[in-house]
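Written out below as structure tokens is the structure these notes cover.
The values are calculated or read from the model by the stated rules, or taken from the named source; none is laboratory data. Fair warning: this is a prediction, and the values are worked out from it, not measured in the lab. Counting neighbours? That spans all protein chains shown, and the Cβs are built from the backbone with ideal geometry, glycine included. Surface accessibility is based on the protein's heavy atoms, side chains included, excluding ligands, DNA and RNA. Shrake-Rupley method; radii C 1.70, N 1.55, O 1.52, S 1.80 Å.
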Amino acid sequence: MDVKATPGDIKDTQLAEEGAKRIQWAAREMGVLQLIHQRFEKEKPLVGVKIAACLHVTTETANLALTLKAAGAELALCASNPLSTQDSVAAALSVIFGIPTFAINGEDNDTYYRHINAALDINPNITLDDGADLVTTIHKTRKELIHEIIGGTEETTTGVIRLESMAASNQLLYPIIAVNNAET
């Protein structure tokens, strides 16, 4: 594997090879995403797009991140739940695949929010969120980013409830797609 030095905050770079193997194994079970990956690798529909993602750092998310990168996106990833972070996957994404990843299993609350802000430092055009902490952080302390954001996604019911509340009070300043509402 080609090793790249990439900004990020992970537990142990020596876990990268193990993580890469786990990511490749999971890809075999994600046939539709792999077809999209192949198509995006050719078409590059996301060239010039910056994506900040706050998701569970698992093999499944890693394959999504690799597909977005293949599409030409610049991506930074942080953990939406420190207890679900797979440290070997975070290491592989950061060290081998060149995706800045800010995720450590069991990280404390201060580190969690430092990681969210590190992912936002790419000045995203799109946000991918799981729990609405990324979007909430933008709206509370990183409002300077909003003018560049065209939209985002939210994966959880809890996050959607938070964002619907913000929308109802005219506080949600960019459109969000509720992923769980998709009929797929």
Helix-only [θ]222 nm of the chain, DSSP H runs n ≥ 4, -39500 (n - 2.57) each, per residue, nearest 500: -12000 deg cm²/dmol
Calculate what fraction, in whole %, of the accessible area of segment 37-184 sits on carbon and sulfur atoms when a 1.4 Å probe is rolled over the protein chains. 52 percent
Determine the relative contact order of the chain: mean sequence separation of Cα pairs under 8 Å and six or more apart, normalised by residue count, in whole percent. 23 percent
For mean projected area of the Cα convex hull in nm², calculated from these coordinates, the label among [x] 10.3; [y] 14.8; [z] 11.6: [x]
What distance in nm lies between label points placed 7 Å from Cα along the C-beta direction at Glu148 and Asn109? 2.9 nm
Reachable lysines from Lys69, criterion Cα separation under 22 angstrom, eight or more residues apart if same chain: Lys4, Lys21, Lys42, Lys44, Lys50
Go through Leu120, Leu15, Leu68 and list them by solvent-accessible area, largest first, probe radius 1.4 Å. Leu15, Leu68, Leu120
